[in-house]
1. Residues of region 29-50 being of a type in the set (Gly, Ala, Ser), part of a helix (DSSP H, G or I) and closer than 20 Å to ALA135 by Cβ, which ones?
2. Which condition breaks for GLN134 when tested against (1) modelled with pLDDT under 85; (2) under 16 Å from ASN85 (Cα atoms)?
3. Any residue in region 162-179 that's closer than 24 Å to ARG81 by Cα: show its pairings with residues that are part of a helix (DSSP H, G or I) and among the basic types (Lys, Arg) at Cβ separation under 6 Å, as long as the two are six or more apart or on different chains.
4. Could you please find all residues in region 48-88 being charged (D, E, K, R) and crowded, with 19+ Cβ neighbours inside 10 Å?
5. In region 143-159, which residues are part of a helix (DSSP H, G or I) and crowded, with 16+ Cβ neighbours inside 10 Å?
Amino acid sequence: MRAGLGKAVAETHSPPRGESQSDTSFAAFYAREYPRIAELAYALTGDRWIGEDLAQDSFIAARQNWAEVGTYPAPGAWIRRVVANKAVSRYRRIQVERKALPRLWRRPTGDTPPEVAAEAAEIWAAVRRLPKRQAQVIALTYLEGHSLSDIGEILQCSPFTAKTHLQRGKQALATLLRANEEVTE
């Protein structure tokens, strides 16, 4: 009887036919994390479509390495670091292109989703003008509500370094927003 019970439990907890346990755990991870990762990527890039592309590219990398990534204590931190790094790489690539092909290159305008208020769009536009690490820490803090120790883990720095980036970013953001306010008055 015990062997039969074990088989019944295994059948109810096994993945559907054709899927491995790894496939279902990745699918659950994807379903849980994708909306927040896409939102983080949007906050870092300023463009919803590019943000979604970065998020999808990051999940492709996670899927390709899921045998390892799935064993991490915090695979969500890993995917956030990948998105942050891809956003920085994209920014650097754009800067190189901007210098090399100034007449041919046109920066796409940020596509603000309708649910984002004008004030929030202005703030996130200012955040994107900050040094990249400061922008990442601000997005992870205020958009996703991570603690400084979580941010340190995601960005592979100490919580103290994350706190320094947050403080400097907030100061720079206040200066940028004051300057924008003075220009519009």
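1. Narrowing region 29-50 to residues of a type in the set (Gly, Ala, Ser): 31, 38, 41, 43, 46.
Okay, now just the ones that are also part of a helix (DSSP H, G or I), so 31, 38, 41, 43.
Across region 29-50, the qualifying residues are ALA38, ALA41, ALA43.
2. It fails just one condition, (1).
3. Filtered contacts from region 162-179: HIS165/ARG133.
4. So the first thing to find is which residues in region 48-88 are charged (D, E, K, R), and the list is 48, 52-53, 57, 63, 68, 80-81, 86.
Hits for region 48-88 are ARG80, LYS86.
5. Answer for region 143-159, where residues must be part of a helix (DSSP H, G or I) and crowded, with 16+ Cβ neighbours inside 10 Å: LEU143, LEU148, ASP150, ILE151, GLY152, GLU153, ILE154, LEU155.
Residue-wise test of (1) assigned to a helix (DSSP H, G or I); (2) at pLDDT below 85; (3) farther than 16 Å from ALA43 by Cβ.
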{"residue": "THR112", "(1), (2), (3)": "no, yes, no"}
{"residue": "ALA120", "(1), (2), (3)": "yes, yes, no"}
{"residue": "ALA126", "(1), (2), (3)": "yes, no, no"}
{"residue": "ILE138", "(1), (2), (3)": "yes, no, no"}
{"residue": "THR161", "(1), (2), (3)": "yes, no, yes"}
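The values are calculated or read from the model by the stated rules, or taken from the named source; none is laboratory data. Only a predicted model underlies this, so the values are computations on that prediction, with no experimental measurement involved. Cβ atoms come from the backbone with ideal geometry, glycine included; neighbour counts cover every protein chain shown.
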